[in-house]
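Trainee: Below you will find the structure I want to go over with you.
The values are calculated or read from the model by the stated rules, or taken from the named source; none is laboratory data. Everything numeric here is computed off the predicted structure, so don't read it as measured data. No Cβ is skipped: glycine too gets one built from the backbone with ideal geometry, and neighbour counts run over all protein chains shown.
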Number of protein chains: 4
Amino acid sequence: MREYRVRGRGIEQIVLTERPTPRPGKRQVLIRMKAAALNRRDLMIVSSSLPERRSGLVPVSDGVGEVVEVGSEVSRVRIGERVCGTFLQGWQGGHMVDADTETALGGERDGVLAEYVTLDERGVVHVPGHLTDEEAATLPCAALTAWHALFETGRVRAGQTVLIQGTGGVSLFALQFAKLAGARVLVISSSDEKLGRAIDLGAAAGLNYSRSPEWDLWALEQTAGSGVDHVVEVGGPQTLARSIRAARRGGDISVTGVLAGDGGAVPVKSILFKQLRLLGVFVGSRQMFEAMNRAVAAHELRPVVDRVYPFESAVDAYRYLGSAAHFGKVVVRIAA
Amino acid sequence: MREYRVRGRGIEQIVLTERPTPRPGKRQVLIRMKAAALNRRDLMIVSSSLPERRSGLVPVSDGVGEVVEVGSEVSRVRIGERVCGTFLQGWQGGHMVDADTETALGGERDGVLAEYVTLDERGVVHVPGHLTDEEAATLPCAALTAWHALFETGRVRAGQTVLIQGTGGVSLFALQFAKLAGARVLVISSSDEKLGRAIDLGAAAGLNYSRSPEWDLWALEQTAGSGVDHVVEVGGPQTLARSIRAARRGGDISVTGVLAGDGGAVPVKSILFKQLRLLGVFVGSRQMFEAMNRAVAAHELRPVVDRVYPFESAVDAYRYLGSAAHFGKVVVRIAA
Amino acid sequence: MREYRVRGRGIEQIVLTERPTPRPGKRQVLIRMKAAALNRRDLMIVSSSLPERRSGLVPVSDGVGEVVEVGSEVSRVRIGERVCGTFLQGWQGGHMVDADTETALGGERDGVLAEYVTLDERGVVHVPGHLTDEEAATLPCAALTAWHALFETGRVRAGQTVLIQGTGGVSLFALQFAKLAGARVLVISSSDEKLGRAIDLGAAAGLNYSRSPEWDLWALEQTAGSGVDHVVEVGGPQTLARSIRAARRGGDISVTGVLAGDGGAVPVKSILFKQLRLLGVFVGSRQMFEAMNRAVAAHELRPVVDRVYPFESAVDAYRYLGSAAHFGKVVVRIAA
Amino acid sequence: MREYRVRGRGIEQIVLTERPTPRPGKRQVLIRMKAAALNRRDLMIVSSSLPERRSGLVPVSDGVGEVVEVGSEVSRVRIGERVCGTFLQGWQGGHMVDADTETALGGERDGVLAEYVTLDERGVVHVPGHLTDEEAATLPCAALTAWHALFETGRVRAGQTVLIQGTGGVSLFALQFAKLAGARVLVISSSDEKLGRAIDLGAAAGLNYSRSPEWDLWALEQTAGSGVDHVVEVGGPQTLARSIRAARRGGDISVTGVLAGDGGAVPVKSILFKQLRLLGVFVGSRQMFEAMNRAVAAHELRPVVDRVYPFESAVDAYRYLGSAAHFGKVVVRIAA
């Protein structure tokens, strides 16, 4: 069977290799992969200078496939079922522990850009039936991060207002999930076209922050001066000051990304006086994933897939993601 | 009756004045004040350049007295009872709203450095019987902030470790409350003598950060590498980076003060990966105050009072607070 | 001005009386009532043998009107605004205290079946603009109970399943609110016609329990054997055993009514083994009411009004409610 | 190696048998058992008519031992460490799922009344070092149930009052844990001697309910009429009505046992009007166990051990437990 491995730094170092199809251990399942979806993290892992463990790594955390063989002690999953691997294989439920950080697919452990993958039966979840493989492949990282931010550490409810930043994976899923839950969504982006598409997806209003950089004031206007209930932060210190101003007294700010870098001053005094909660959110547990899937299934929610590349062109998929031209997920089709 | 009023900027502008004893409105109580306690905020209000509202203000938020008259519609309080005013007169329970910010004693509203004060019956709480007046006077601001941080937005439990910074009012109350709840307390200070006194109060270990500035590493050592469960932050951005390093995965950092100023970079990426919660805490509601008082009463907890000044020497009390030599609260005795 | 007063036991003892229009106290508002809505409680207060306080009572808790005068210290409300009174005038936010029970409109205090009413400014909330007066009048008791049950003590989320019992006020609002929040709703009723109307409102499935009394088994079937996430109980001990069987492991059962009487055995062992939460829910606080109104406004949700009676025929409205033929709220129009 | 097995109904059917020492699987540990502790459940499993699965079962859920061998993939535990097995082997963290019910030691799975036991590495926890083996053996079921009740589903805090019923395992641990957390404990018992011992352990007051059956009124008196914050229920429907009366408005009642049988009426209306929460509690997860152990270790808490029997006399230990004469846990010493 074929799988990609990372040989060194740079997209060109992701190469297609061959090895015998693995067999599952006693509590493992063998999955014939159907599709994988890229995250910005996948790009960072190959693009920047990185830990030793990258060398030889099978990349990519997110994917879906069909169980084709199960170990002798497997009870949670059956042959023929369609499953996603979980981003953090070790985090089942409750709180995350230090050891769980060593179990991330496509980083600390081999990922899913392969024709066959073996995972622990506790490291997979069943996938809503209405989804195509391309759609299902997108759930493990960005979708779960958004769900976790809004409903697990966050407290978003019907009637509340959620602000999302840009139209990356976490932000678009946050938009879709917040809508499911009866919340109103404000979106900022540097592209009018992307704003238009976000509004098509259900956002109540959008602002082009390259033309109107004071999006915090805009968010206040959009909420009659009171501020938004929840900000899904993806920028880091560079955007946090505005997020703090945009939030209502007692509001939540989920810290899900630091795309704009990690330096920069934060107006801590406002966190105090506004009694805000800044909540670090790192993907999520298998139990959260299952709760999310129930919502995805009940609403037949469709993740936004931008482009699909064939397995042999996975490197092109990386390049396209790197261009930042996408709106929605970039997917690799592995098998029919 | 006599009361202090702030005439302008600077401690010297706090002057003793005279006016007729007020009468309570229908839902108000008239309180004969017994003692008042100073907070750093009281110093800041008179010392720095400030809003117009300072002029003519009766200063000081914290105090205790005896109800000597009640309005015709008062039902919560009776003549002869001993009560504290609440810091935020408007915040009864549930979440704080914007209008509540306009109801802070000794700031937005006249405070308690006076022989008689009238307050709404909803703006007072009964005081545990075992406390002296000097002790009871210290509860409204610093104690409630600590209680709110640990148990209302925070989740401190028996067996957990709490880190406090310095030995100011909030920190010492946090030490005492955390101990009540079965938690272990680590303390940092720039004074060996103050560390010793904190240990006498029940702290498990202390570090002099002027000699050993890497108190984050020390906190990790003290918790077998896992980090503390809760940090009660009083410093702001200057200390926050170390607090973030000192906290365990999934830990809480209460933001209760920005004594060291509001500039400075914050390692937001660590908030994300460690899934920390930064929780802004601003004093608390009357219902929180009542819950705290039940704990104070049940344990006959004694607030730490450093020095008591007579009413006529209130300005000296301000000066002593300004010297930062104190350990515990600085109190003004108003009446026997 | 005219108002109804209860002279004794029985619907016929609700009589129209006259008195001068009251004036608001300093912190009160005078409301010109537009519409009032009946709850089963209103019927019980006049129909059963009851406490002394009934005699002379202005009945009915739920209504809406226009503020026509405000007291000198009123700041939360302005003349011309449309407001509902809160069911429990004393419960602003946080937890309910014993004294709050003495502040229920149309029971412990005079209600709103009157042309003019004075209420404390803290005892009113602004009303979403899209609602007719008849619709707005229905919010204070049944709607708030449903909101409180699902989202304040309950934890209903997108993708979950909620079971409602019958089509009374609380149940229909629970149906509508659960749908807003992305949940799926199962409904049981003794009337096929009412089931049909509940399905028109968005329920996923319905069962006629007079034909199929084992609705607990049906609920399990409808959830692939796992059980529903939340039951909104209105029946009391008579229905609780089935609710407990219908709930999933770790599920919630809101106890909002005991329509079927208070005797009867409860399978407590199943509460233990299934780790259920039985949550007593009694109307709600003003802050909850405001959160609910934000959701009602954002979604332009329309309460279900069955029939509207003119003010002079209020007694007929009581009779119609007593017939149990209604689907949705029974309203009295007080003024144009 | 020797182990007990249940051959049929009745204590006499627990017989000592012999088989080769087992070897751990890849992710298992082999534990040389040191001590086991009995729970009422162990008595019920052998005493009453029961499911088929009893036959051949190694009984008893609670015990402690030393890890003497580990499987090739074990990373959480090392040889030489002292561990307890978890009651529900499958429940690691987060919420319990249906499959976890099939993983209870000494019931659905072979228990620990044996010289050697193999368990999954996820099914064991490290044990506080200050405990004797006899003490450590008592933690898995009763202690964890009490911890879960008070602090995981419950919200017990410093200054609150907790009522416990009798002096069985769950009740005594609830007493000790509530004290750790700064709460006040009321205890009822049918034995003056046991009341005296509970007071020695820190209970604030006790009542002999065989002489004074109206313990609900007593609990109200002990709380100045307001009611207790938390009742740890062990009796079931027979005691629940009084627990409901003894609880404060908004209080919690943990349902941890139904010792007095499962029939009987429950005053559901009071659950509603008092806004109580009835919370089913069934042992707990491994993560809860670990949190509990941190508290036990930090306070060097000592479980109450009544009597210790040698391994060969395990059946006598069952008999003694059946006599209900004990105060604290009945333990079997398995190895030195």
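Trainee: Please go through segment D:123-135 and pick out each residue that is surrounded by 20 or more Cβ atoms within 10 Å (Cβ to Cβ) and not in a loop (DSSP other than H, G, I, E, B).
Mentor: D:GLY123, D:VAL124, D:VAL125, D:ASP133, D:GLU134, D:GLU135
Trainee: Surrounded by 15 or more Cβ atoms within 10 Å (Cβ to Cβ), of a type in the set (Lys, Arg) and either under 26 Å from the mean Cα position of the chain (by Cα) or farther than 17 Å from C:GLY322 by Cβ (or both): which single residue out of C:ARG78, C:ARG19, C:ARG7 fits that description?
Mentor: Checking each option against the conditions leaves just C:ARG7.
The rows are residues; the columns are (1) closer than 21 Å to B:ASP133 by Cα; (2) in contact with a Pro (Cβ under 8 Å, 6 or more places away or on another chain).
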{"residue": "B:VAL258", "(1), (2)": "no, yes"}
{"residue": "B:VAL266", "(1), (2)": "no, yes"}
{"residue": "B:GLY280", "(1), (2)": "no, no"}
{"residue": "B:VAL305", "(1), (2)": "yes, no"}
{"residue": "B:ARG319", "(1), (2)": "no, no"}
{"residue": "B:GLY322", "(1), (2)": "no, no"}
{"residue": "B:GLY328", "(1), (2)": "yes, yes"}
{"residue": "B:VAL332", "(1), (2)": "yes, yes"}
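Trainee: Residue check: is D:GLY90 surrounded by fewer than 24 Cβ atoms within 10 Å (Cβ to Cβ), in contact with a strand residue (DSSP E or B) (Cβ under 6 Å, 6 or more places away or on another chain) and within 27 Å of A:GLY93 (Cα to Cα)? Full working, then the answer.
Mentor: Details: surrounded by fewer than 24 Cβ atoms within 10 Å (Cβ to Cβ): yes; in contact with a strand residue (DSSP E or B) (Cβ under 6 Å, 6 or more places away or on another chain): no; within 27 Å of A:GLY93 (Cα to Cα): yes.
Against the criterion (surrounded by fewer than 24 Cβ atoms within 10 Å (Cβ to Cβ), in contact with a strand residue (DSSP E or B) (Cβ under 6 Å, 6 or more places away or on another chain) and within 27 Å of A:GLY93 (Cα to Cα)), D:GLY90 does not qualify.
Trainee: Could you list, in sequence order, all residues of segment B:162-200 that are in contact (Cβ under 8 Å) with a residue 60 or more places away in the chain, of a type in the set (Lys, Arg) and farther than 16 Å from B:SER212 by Cβ?
Mentor: B:ARG197
Trainee: Still on this model: Which condition number does B:PHE273 fail, the rest of (1) crowded, with 23+ Cβ neighbours inside 10 Å; (2) hydrophobic (A, V, I, L, M, F, W, C); (3) out of contact with any Pro (no Cβ under 7 Å at 6 or more places or on another chain) being met?
Mentor: Result: B:PHE273 fails condition (1) only.
Trainee: Would you call D:GLY123 in contact (Cβ under 8 Å) with a residue 24 or more places away in the chain, under 30 Å from D:GLU69 (Cα atoms) and not hydrophobic (A, V, I, L, M, F, W, C)? Even if it seems obvious, please write down each step before you answer.
Mentor: Details: in contact (Cβ under 8 Å) with a residue 24 or more places away in the chain: yes; under 30 Å from D:GLU69 (Cα atoms): yes; not hydrophobic (A, V, I, L, M, F, W, C): yes.
When the stated conditions are applied, D:GLY123 passes them.
Trainee: When B:SER212 is evaluated against the numbered criteria (1) surrounded by fewer than 24 Cβ atoms within 10 Å (Cβ to Cβ); (2) out of contact with any Ser or Thr (no Cβ under 9 Å at 6 or more places or on another chain); (3) within 23 Å of B:ILE271 (Cα to Cα); (4) of a type in the set (S, T, N, Q), which criterion, by number, is the only one it fails?
Mentor: Going through (1) surrounded by fewer than 24 Cβ atoms within 10 Å (Cβ to Cβ); (2) out of contact with any Ser or Thr (no Cβ under 9 Å at 6 or more places or on another chain); (3) within 23 Å of B:ILE271 (Cα to Cα); (4) of a type in the set (S, T, N, Q) one by one, B:SER212 breaks only (3).
Trainee: Just the residues that are in contact with a Lys or Arg (Cβ under 8 Å, 6 or more places away or on another chain) and under 23 Å from B:LEU131 (Cα atoms), please, taken from segment B:83-99.
Mentor: Once the filter is applied, which keeps residues that are in contact with a Lys or Arg (Cβ under 8 Å, 6 or more places away or on another chain) and under 23 Å from B:LEU131 (Cα atoms), segment B:83-99 yields B:THR86, B:GLN89.
Trainee: Examine segment C:259-268 for a residue that is under 23 Å from the mean Cα position of the chain (by Cα) and touching a residue at least 40 places away in the same chain (Cβ under 8 Å), and state whether such a residue exists.
Mentor: Scanning segment C:259-268 turns up at least one residue that is under 23 Å from the mean Cα position of the chain (by Cα) and touching a residue at least 40 places away in the same chain (Cβ under 8 Å).
Trainee: Here is a follow-up. Tell me, which helices (runs of 4 or more DSSP H) wholly within segment C:155-266 include 3 or more residues that are of a type outside the set (Lys, Arg) and within 14 Å of chain A (Cβ to nearest Cβ)?
Mentor: C:169-180
Trainee: OK, next. Given the conditions (1) in contact with a His (Cβ under 9 Å, 6 or more places away or on another chain); (2) closer than 21 Å to C:VAL156 by Cα, which single one is not true for A:LEU163?
Mentor: (2)
Trainee: Need the failing condition index for B:HIS326 against (1) surrounded by fewer than 18 Cβ atoms within 10 Å (Cβ to Cβ); (2) at pLDDT below 95, just the number.
Mentor: Result: B:HIS326 fails condition (1) only.
Trainee: Now for a different question. Out of all the residues in segment A:126-142, is one or more of a type in the set (Ser, Thr, Tyr), at pLDDT 95 or above, in contact with a helix residue (DSSP H, G or I) (Cβ under 6 Å, 6 or more places away or on another chain) and closer than 25 Å to A:THR167 by Cβ?
Mentor: The first filter runs over segment A:126-142 and keeps only residues of a type in the set (Ser, Thr, Tyr), leaving A:132, A:138.
This time we only want the ones that are at pLDDT 95 or above, so: A:132, A:138.
Okay, now just the ones that are also in contact with a helix residue (DSSP H, G or I) (Cβ under 6 Å, 6 or more places away or on another chain), so none.
No, segment A:126-142 contains no residue that is of a type in the set (Ser, Thr, Tyr), at pLDDT 95 or above, in contact with a helix residue (DSSP H, G or I) (Cβ under 6 Å, 6 or more places away or on another chain) and closer than 25 Å to A:THR167 by Cβ.
Trainee: Could you figure out which of (1) farther than 30 Å from B:GLU102 by Cα; (2) in contact with a helix residue (DSSP H, G or I) (Cβ under 7 Å, 6 or more places away or on another chain); (3) away from chain C (no Cβ under 14 Å) isn't true of A:ILE271?
Mentor: (1)
Trainee: Okay, next question. Considering only residues of segment A:276-292 that are more than 8 Å from every other protein chain (Cβ to nearest Cβ) and either out of contact with any helix residue (DSSP H, G or I) (no Cβ under 6 Å at 6 or more places or on another chain) or among the aromatic types (Phe, Trp, Tyr) (or both), which is surrounded by the fewest Cβ atoms within 10 Å (Cβ to Cβ)?
Mentor: Applying the first criterion (more than 8 Å from every other protein chain (Cβ to nearest Cβ)) to segment A:276-292 yields A:283-284, A:286, A:288-290.
The next check asks that each one be either out of contact with any helix residue (DSSP H, G or I) (no Cβ under 6 Å at 6 or more places or on another chain) or among the aromatic types (Phe, Trp, Tyr) (or both); those that pass are A:286, A:289-290.
Numbers: A:ARG286: 21, A:PHE289: 25, A:GLU290: 16.
Taking the candidates together, the pick is A:GLU290.
Trainee: Let me ask another. Residues of segment C:132-154 being away from chain A (no Cβ under 14 Å) and among the hydroxyl-bearing types (Ser, Thr, Tyr), which ones? First the steps, then the outcome.
Mentor: From segment C:132-154, those away from chain A (no Cβ under 14 Å) are C:132-138, C:140-142, C:145; that's our starting set.
Result: C:THR132, C:THR138, C:THR145.
Trainee: Another question about this same structure. Of the residues B:THR138, B:THR153, B:THR118, which single one is buried (at least 24 other Cβ atoms within 10 Å of the Cβ), among the polar types (S, T, N, Q) and touching a residue at least 40 places away in the same chain (Cβ under 8 Å)? Walk me through it before giving the result.
Mentor: Values: B:THR153 fails: buried (at least 24 other Cβ atoms within 10 Å of the Cβ); B:THR118 fails: buried (at least 24 other Cβ atoms within 10 Å of the Cβ).
After applying the criteria, what remains is B:THR138.
Trainee: Any chance segment B:295-315 includes a residue that's away from chain D (no Cβ under 14 Å), small (Gly, Ala, Ser) and out of contact with any Leu (no Cβ under 9 Å at 6 or more places or on another chain)? Lay out the reasoning, then the answer.
Mentor: Step one: filter segment B:295-315 for residues away from chain D (no Cβ under 14 Å), giving B:302-315.
Checking the rest, the ones that are also small (Gly, Ala, Ser) come to B:313-314.
If we keep only those that are out of contact with any Leu (no Cβ under 9 Å at 6 or more places or on another chain) as well, we get B:313.
Checked against the condition, which is being away from chain D (no Cβ under 14 Å), small (Gly, Ala, Ser) and out of contact with any Leu (no Cβ under 9 Å at 6 or more places or on another chain), segment B:295-315 yields at least one hit.
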